[in-house]
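Here the structure is laid out as structure tokens; the discussion comes afterwards.
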Amino acid sequence: MRITLIGAGAIGTLWAVKLTQAGHSVNLVTRGNASERTLSLDGTSCTLPANQTALMQQSDLWLICTKAYDIQTALLPYLPYLHRDTLVVLMHNGMGPHQWLAAQLSERQPLLLATTSHGVCRHRTGDYQHTGCGPTTIGPGNQAGHACTFVAEVFDHALPTVTWKGNIVQSLWFKLAINSVINPLTAIHGIPNGELLKLDYDPIIRELCQELANVMRAEGIHTTVTEIRQQIDTVAKATANNYSSMNRDVFYQRPTELEYITGYVLQRAAAHHISAPHHQQLYQAVKQGQRNKESS
Ligand code: PAF
């Protein structure tokens, strides 16, 4: 397939390299206007064309891997180069931006939403390392997306496992639940994901899972506290040595995805009149941590 990948950060680099290795023609949209960009993953370098509008127009699929808060700014200048038959896949942490994107596309343009649990870390040198494997789930983000189940097979061939899920919103909620526990806690305490498996963190994680179960059920997702906890523990184990994306963002004083992760949980809790004091505390604590870093 001819693929345009927007957002070659940690997850974007992983997919760009894996899709290229699987035989697809990947071109990148990056900051700046360089006509090519070299990505490095696990010691393997891969030079790909970049910022070439003709390649964008000819693409069969656009894969958007920017941070949630960057999606509008990153996409808007390039939307004129999106062919009306091109499939669009959105893959990011958190929830919210797909509603904006769906409104930009015609109803006939397939929109797919994907969520992935791979762990990738960036070394000081700018090289990326694939530090933990996890499942990827993909499904329809609009009516036209329902006909695109084959995309799961294409992606699965490049970086297994990828499964198609007709009800992708449910998967997005589970990923949101994982991120809303792992990311703020590891950012506040400055720890890798695996530390959360220690008993010290059990009481707060229990409370967070209970609040998540309340909100998710109100959103129509059938789940239990135990199921949410199991998913969090599985990801914490699989990415034990990894620092979460929010941990890195706070550490390097970059913007975080807090609004699209904890912020979204709080927004939906408020909409259902459900109290979520522990998520509220984490929200405030991450904000405070960011302020402290800025002033240090
Ligand atoms: O945001 C992240 O870092 C990742 O989504 C995850 C799965 C929590 C692994 O670190």
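The values are calculated or read from the model by the stated rules, or taken from the named source; none is laboratory data. This structure is a prediction, so every number in the text was calculated from the model and none was measured. Please note: Cβ atoms are built from the backbone with ideal geometry, for glycine as well, and neighbour counts cover all protein chains shown. Note: accessible area is taken over every heavy atom of the protein model, side chains too, but ligands, DNA and RNA are not part of it. Shrake-Rupley method; radii C 1.70, N 1.55, O 1.52, S 1.80 Å.
Annotations for the structure displayed:
- Gain on full extension, evaluated as 0.36 nm per residue between residue 252 and residue 234 minus their Cα-Cα distance, stands at 3.8 nm.
- Once the chain from residue 54 to residue 133 is taken as fully extended at 0.36 nm per residue, the excess over their C-alpha distance is 25.1 nm.
- Among 45, 117, 59, the largest mean-square fluctuation in a Gaussian network model of the chain (Cα springs under 10 Å) belongs to 45.
- Projected over every direction and averaged, the convex hull enclosing the alpha-carbon atoms of region 170-295 yields 7.0 nm².
- For region 98-224, fraction of C-alpha pairs farther apart than 27 Å, in %: 33 percent
- Residues listed by number, region 192-206, amide nitrogen under 18 Å from residue 226 label point at 7 Å toward C-beta: 206
- Low-density loop positions, trypsin sites (Lys or Arg not before Pro), region 3-46 - DSSP coil, at most 16 other Cβ in 10 Å: 31
- Taking 7 Å steps out from each Cα toward its Cβ at residue 280 and residue 42 produces label points 4.5 nm apart.
- For region 1-52, the fraction of alpha-carbon pairs in successive 10 Å shells from zero, as %: 28, 62, 10
- Amide N proximity, region 222-250 versus residue 292 label position 7 Å along Cα-to-Cβ, cut-off under 20 Å: 243-250
- Probing with 1.4 Å while keeping every protein chain in the model, the per residue accessible area of the chain equals 45 Å².
- Beta bridges per DSSP, both residues in region 2-166: antiparallel share near 40 percent.
- Once the Cα gyration tensor of region 2-166 is diagonalised, semi-axes √(5λ) in Å: 23, 19, 15
- Each other residue within a Cβ distance under 15 Å of residue 71 adds +1 if Lys or Arg and -1 if Asp or Glu, for a net charge of -1.
- Nearest-0.05 FRET efficiency for residue 169 and residue 125, computed from C-beta distance (R0 45 Å): 0.75
- Taking a Cβ cut-off of under 11 Å around residue 189, the surrounding Lys, Arg, Asp and Glu residues balance to a net charge of -1, with basic ones at +1 and acidic ones at -1.
- Estimated Rh, the chain: Kirkwood, alpha-carbon pairs, angstrom: 19.5 Å
- Measuring nothing but protein heavy atoms, the accessible surface of region 170-295 at 1.4 Å probe radius is 50 percent carbon and sulfur.
- Over every Cα atom in region 103-142, the radius of gyration and the widest Cα-Cα span, Dmax, amount to 15.4, 43 Å.
- Excluding same-chain neighbours fewer than eight residues apart, the lysines reachable from residue 67 by a Cα-Cα span under 25 Å are 18, 165, 175, 237, 287, 293.
- Ranked packing of 211-222, 84-95, most packed first, by mean Cβ within 10 Å: 84-95, 211-222
- Rounded percent of accessible protein surface that carbon and sulfur make up, region 2-166, 1.4 Å probe: 48 percent
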